[in-house]
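Here's the structure we're looking at; comments come further down.
The values are calculated or read from the model by the stated rules, or taken from the named source; none is laboratory data. On a predicted model such as this, the values are computed, not experimentally measured, just so you know. Quick reminder, even Gly has a Cβ in these numbers, built from the backbone with ideal geometry, and neighbours come from all protein chains shown.
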Amino acid sequence: MPLPLQAALATALWCALHSVFVTHRWRRFVEGSLPSYRPWQRLAYVAASGLSFLVLALWLRALPDRTLWTWSGAWRWVQLAGLAEAGLLFVLGARAYDGRAFLGLRQAADHLAGRPPREPVFRTAGILGAVRHPWYAGTLLLLAFGLPVTDVNLAWRGVMAAYVLVGTELEERKLLADIGPAYADYRRRVPRFGLPPRRRP
C-alpha cells in the first residue's frame, strides 16, 4: 500500500475514534454501564485522545516522504502570516474557554470535593463574539501553513482538514440540540470561521 494512503487511512481511523468517543450515544452508554466513571469521562477522553494523537504523529513523522513544495521567498511571509493568525486564534480561544472544564479537571475536582457536577456554561465573550470555533479555525490554518508540502503530509492533512470541517458541523448540531434557541441566535450573529478575528458591536 502506498505510504500516502497508509497515512490517510491511519489519520481517518484516529479521527473516527476521536469522534465516536465524544458522542452523546457513547456518553449515555458509558454512564449507564459505569456510573462511577462519569466524573472522569472527559479527563480520560482528553488523555486518550492526546496520547493516541502523539503516537499517530510520531508514526507519520517517521514515514519517508517526498517534498512537493516548500515555503520560500515571498511565500515565507504568507506562511508566517497564516501561522500568526492561527496562534492568535488559539490564544484568544484559550482565554474565552473554560480550560479546566475542557480538559476534564474541573469535573474530577468537583467529584473529589463532593460537589455536584456543574452544568456547562454557554460562552460568547471575547473571541467567541467574533468566531464561533476559533480553535477549529486555527487548526485549519496550521494544516494549511504549518509544514512544507510532501506526498505523505498532503494525504494526512487533507483527511484532518475534512475531519475538522465535518466535525465542526456535527458539533454545531450537538450544540444546537443542547442549548437550543440561544445557540440558533448566536449562529445567526457570529460566523463559524470568521477570519481574521474581529470584534462586533
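Residue-wise test of (1) more than 17 Å from V164 (Cα to Cα); (2) touching a Phe, Trp or Tyr at 6+ places or on another chain (Cβ under 6 Å); (3) surrounded by 14 or more Cβ atoms within 10 Å (Cβ to Cβ); (4) at pLDDT below 90.
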| position | (1), (2), (3), (4) |
| --- | --- |
| V22 | no, no, yes, yes |
| R28 | yes, no, no, yes |
| P35 | yes, no, no, yes |
| Q41 | yes, no, yes, yes |
| A47 | yes, no, no, no |
| G50 | no, no, no, no |
| W71 | yes, no, yes, no |
| A74 | yes, no, no, no |
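Give the residues of the range 49-79 that are farther than 22 Å from T11 by Cα and either in contact (Cβ under 8 Å) with a residue 24 or more places away in the chain or not hydrophobic (A, V, I, L, M, F, W, C) (or both), sorted by residue number.
T70, W71, S72, G73, R76, V78, Q79 - these are the residues of the range 49-79 that are farther than 22 Å from T11 by Cα and either in contact (Cβ under 8 Å) with a residue 24 or more places away in the chain or not hydrophobic (A, V, I, L, M, F, W, C) (or both).
Looking at C15 and the list (1) out of contact with any Leu (no Cβ under 7 Å at 6 or more places or on another chain); (2) of a type outside the set (D, E, K, R); (3) farther than 24 Å from L175 by Cα; (4) in a helix (DSSP H, G or I), which single condition is not satisfied?
(3)
Which one of these is at pLDDT below 90 and either part of a helix (DSSP H, G or I) or over 30 Å from W69 (Cβ atoms) (or both): D185, D178?
Values: D185 fails: at pLDDT below 90.
None of the others qualify; the one that does is D178.
Of everything in the range 2-12 that's more than 22 Å from the chain's Cα centre (by Cα) and either part of a helix (DSSP H, G or I) or of a type in the set (A, V, I, L, M, F, W, C) (or both), which residue is nearest to S49 (Cα to Cα)?
Filtering the range 2-12 down to residues more than 22 Å from the chain's Cα centre (by Cα) leaves 2-6.
Subsequent filtering for residues that are either part of a helix (DSSP H, G or I) or of a type in the set (A, V, I, L, M, F, W, C) (or both) retains 3-6.
On the way: L3: 23, P4: 23, L5: 22, Q6: 20 Å.
Checking each candidate, the answer is Q6.
Would you check which residues across the range 140-152 are in a helix (DSSP H, G or I) and under 18 Å from G82 (Cα atoms) and list them? So that I can check it myself, show each step before the final result.
Here is the first cut: in the range 140-152, the residues in a helix (DSSP H, G or I) are 140-145, 151-152.
Result: L140, L141, L142, L143, A144, F145.
Scan the range 109-119 residue by residue and report those that are assigned to a loop (DSSP other than H, G, I, E, B), at negative phi and either over 24 Å from the mean Cα position of the chain (by Cα) or surrounded by 11 or more Cβ atoms within 10 Å (Cβ to Cβ) (or both). Explain how you work it out, then say what you get.
Keep residues of the range 109-119 that are assigned to a loop (DSSP other than H, G, I, E, B), which gives 113-119.
Still in the list and also at negative phi: 113, 115-119.
Across the range 109-119, the qualifying residues are A113, R115, P116, P117, R118.
Is at least one residue of the range 4-16 β-branched (V, I, T), surrounded by 14 or more Cβ atoms within 10 Å (Cβ to Cβ) and either farther than 18 Å from Q107 by Cα or in contact with a strand residue (DSSP E or B) (Cβ under 7 Å, 6 or more places away or on another chain) (or both)?
yes
Can you tell me how many residues within the range 97-108 are part of a loop (DSSP other than H, G, I, E, B) and surrounded by 15 or more Cβ atoms within 10 Å (Cβ to Cβ)?
Number satisfying all stated conditions: 2.
What residue, of A47, A94, A86, is of a type outside the set (V, I, T), assigned to a helix (DSSP H, G or I), closer than 28 Å to I179 by Cβ and in contact with a helix residue (DSSP H, G or I) (Cβ under 7 Å, 6 or more places away or on another chain)?
A86
From A84, A101, grab the single residue that is modelled with pLDDT of 95 or more, out of contact with any Phe, Trp or Tyr (no Cβ under 8 Å at 6 or more places or on another chain) and under 28 Å from V131 (Cα atoms).
A84
Condition first: of a type in the set (S, T, N, Q) and either under 18 Å from A108 (Cα atoms) or touching a residue at least 12 places away in the same chain (Cβ under 8 Å) (or both). Now tell me which residues in the range 24-46 satisfy that. Before the answer, list the steps.
Narrowing the range 24-46 to residues of a type in the set (S, T, N, Q): 33, 36, 41.
Residues satisfying the conditions are S36, Q41.
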